[in-house]
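The values are calculated or read from the model by the stated rules, or taken from the named source; none is laboratory data. What you see is a predicted model; the values in this text were computed from it and never measured. Because the Cβ atoms are built from the backbone with ideal geometry, glycine has one as well, and the counts that use them run over all protein chains shown.
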Amino acid sequence: MFSKRTNWNLEPNALSEALAQHRASGKPLLDLTVSNPTACGFAYAEAAILRALAKRESLVYEPDPRGLQSARSAVAAYYAERGIVVPLDSILLITGTSEAYSFILRLLCDPGDEILVPEPSYPLLGFLAGIEDVELVPYPLVYDDGWRMDFPALESAISPRSRSVVVIHPNNPTGHYVGDRDADCLAALCAERDLAILADEVFLDFALEGPSRPSFASRHDALTFTLSGLSKLAGLPQMKASWMVVSGPEPAKQRALDRLEVIADTFLSMNAPVQLALPTLLALRPEFERQLLARVRANLAELDRQLAAQSRCRRLKIEGGWYAVLQVADAASDEDLALQLLREKGVYVHPGHFYDFSAEGHLVVSLIGRENEFAEAVRRLLSL
Ligand SMILES: Cc1ncc(COP(=O)(O)O)c(C=O)c1O
């Protein structure tokens with residue numbers, strides 16, 4: 001009765017089983033995987049958010065497949081603040097970055113076509129591709145006092161069925177931005193090989209040091225889809241408000257936009273209240289960003305302070321985003337380590353294999369949890 005593409009193994013893995021048991025036992029849990037900003041004690045401008053969602057214009061249905069012009073203008077203003085001119089008709093509003101990925105895969109890929117994705121990276125990509133009958137082909141990121149793309153490996157992963165190279169800028173969980181030189185090389189490669197760039201920039205504004213990094217939305221050398229949204233930038237994942245910007249050489253850019261408009265028109269997935277609220281929600285973003293960056297920096301400083309007292313575990317370098325990667329010397333299996341941490345210390349972390357690290361011994365910790373809980377969780381982790 002069901003499609004092969006949904007023939008997933010739905011059995012819980014050992015870690016999720018252990019987590020369910022831990023929760024059922026009522027024992028306290030220190031969660032180093034928290035990624036929901038609305039559950040981390042940040043102060044939101046509640047009254048302004050609620051007011052923005054209650055506009056009178058929401059009572060009228062005026063669908064626009066690319067999204068309401070007022071909301072697209074707010075997105076264009078976000079890029080204008082970074083010195084990038086984005087025409088309104090190059091922006092598509094969409095309910096979540098995941099849906100944006102899905103639209104782009106439908107636009108670019110026939111069943112069995114391939115997209116190249118960084119490894120390690122965000123585990124949802126496999127599901128997003130699988131649902132569209134698209135094959136994920138990993139290209140390795142290499143760590144050498146900082147992460148970078150491995151271009152020879154990327155080039156050798158390209159096949160006649162490749163349609164796009166995905167970059168996550170900065171990447172989840174490695175926290176590195178695509179450097180300017182890598183971005184230029186990538187664009188040249190994609191232009192030459194007729195591949196689109198798919199740049200996921202949901203964490204773009206969370207640079208931990210140095211200036212803000214350039215957005216791929218400013219690129220015109222290869223067909224480029226730049227994804228972002230309110231879920232991370234404004235800490236409002238529940239609004240389901242995201243966008244994509246299409247840039248690149250003509251006529252490919254216009255042809256992509258025309259086809260995307262048909263895909264978007266088929267779903268018309270954005271709701272009116274959120275689109276009408278989007279200008280206000282985006283304008284509230286700096287206050288969330290300030291709190292978030294203060295939290296991440298404080299947790300990172302505490303992590304480094306505790307790490308300095310031992311030598312078994314080190315933190316890999318990060319430039320931005322909400323996560324840190326720990327590397328544990330001589331760890332046989334990061335899954336076993338995560339299980340042991342949960343059972344013996346009541347601390348929940350993600351093992352590196354969730355993100356396809358090429359070697360064992362990596363743990364991924366979220367940096368957005370409350371400072372006191374974070375510090376205690378790290379203490380327990382290092383005690384193990
Ligand atoms: C790299 C990356 N892209 C996209 C998303 C999902 O964003 P959205 O809530 O807009 O679908 C996440 C969520 O964690 C993410 O880490």
In the range 133-154, what count of residues is obtained for those that are of a type in the set (D, E, K, R) and either surrounded by fewer than 13 Cβ atoms within 10 Å (Cβ to Cβ) or under 20 Å from Y101 (Cα atoms) (or both)? 4
Just a yes or no: is a residue in the range 246-259 touching a Lys or Arg at 6+ places or on another chain (Cβ under 7 Å), hydrophobic (A, V, I, L, M, F, W, C) and farther than 18 Å from L53 by Cβ? yes
Give A54, A76, A47, A39 a once-over and let me know the one that is more than 18 Å from K240 (Cβ to Cβ) and either exposed (fewer than 15 other Cβ atoms within 10 Å of the Cβ) or of a type in the set (S, T, Y) (or both). A47
So which residues in the range 195-220 are among the small types (G, A, S), within 15 Å of Y177 (Cα to Cα) and away from the ligand (no atom under 16 Å from the Cβ), if there are any at all? G210, S212
Matching residues in the range 221-232 - criterion: being crowded, with 24+ Cβ neighbours inside 10 Å and either within 11 Å of the ligand (Cβ to nearest atom) or under 20 Å from A71 (Cβ atoms) (or both): F225, T226, L227, S228, G229, L230, K232
Here are V34, V75: which of them is hydrophobic (A, V, I, L, M, F, W, C) and under 24 Å from H220 (Cα atoms)? V75
When you go through (1) of a type outside the set (G, A, S); (2) outside any loop (DSSP other than H, G, I, E, B); (3) away from the ligand (no atom under 16 Å from the Cβ) one by one for L136, which number turns out not to apply? (3)
Might you let me know whether the range 245-255 holds any residue that is within 16 Å of the ligand (Cβ to nearest atom), modelled with pLDDT of 95 or more and surrounded by 22 or more Cβ atoms within 10 Å (Cβ to Cβ)? yes
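Out of the residues in the range 202-220 that are among the hydroxyl-bearing types (S, T, Y) and closer than 22 Å to P173 by Cβ, state the one that is surrounded by the most Cβ atoms within 10 Å (Cβ to Cβ).
Taking the range 202-220 first, the residues among the hydroxyl-bearing types (S, T, Y) are 212, 215, 218.
Those left that are additionally closer than 22 Å to P173 by Cβ: 212, 215.
Details: S212: 13, S215: 23.
Among residues in the range 202-220 that are among the hydroxyl-bearing types (S, T, Y) and closer than 22 Å to P173 by Cβ, the one surrounded by the most Cβ atoms within 10 Å (Cβ to Cβ) is S215.
Restricting to the range 67-118, and then to whatever is outside any helix (DSSP H, G or I) and of a type in the set (D, E), can you tell me which residue is farthest from the ligand (Cβ to nearest atom)?
Across the range 67-118, the extreme among qualifying residues is D110.
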